[in-house]
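The values are calculated or read from the model by the stated rules, or taken from the named source; none is laboratory data. All values derive from a computational prediction rather than experimental measurement. Positions of Cβ are generated from backbone atoms using ideal geometry, with glycine treated the same way; all protein chains shown enter the neighbour counts. These area figures cover heavy atoms from the full protein model, side chains too; ligands, DNA and RNA do not enter into them. Shrake-Rupley method; radii C 1.70, N 1.55, O 1.52, S 1.80 Å.
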Amino acid sequence: MRLSLCVLLVTLALCCYEANAEVCPAFLSEFKGFLLETENMYNIHLLMFAPPREAAEASLQVKQCVDRLPREGRQKIYNIVKKAASQCNS
């Protein structure tokens, strides 16, 4: 079993060596909504994906915790991610 896993990993490494490091604009939009929008607006965006009820509730609980952070801190986090994404996309 271990040998087959090693062979599989080596084969994948040799055959699939190219990677795309571009960040999807939709991800940045959703991430911005998660950090900076109100809980109600984020819930509307979240429901577009039709997640299971438990997953949506868990995501909203995490959002409530994130919303306790100061807005300036959340804005700084978003700016860092946005800057890193722009460097990956160029």
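Give, as a single signed number, the net charge of other residues whose beta carbon lies under 12 Å from the beta carbon of GLU30, with Lys and Arg counted +1 and Asp and Glu -1. With Lys, Arg at +1 and Asp, Glu at -1, the neighbours total +1. Charge tally for LEU47 (other residues, Cβ to Cβ under 15 Å; Lys, Arg +1; Asp, Glu -1): -3. When nucleic acids and ligands are ignored and a 1.4 Å probe is applied, SER29 ends up with an accessible area of around 70 Å².
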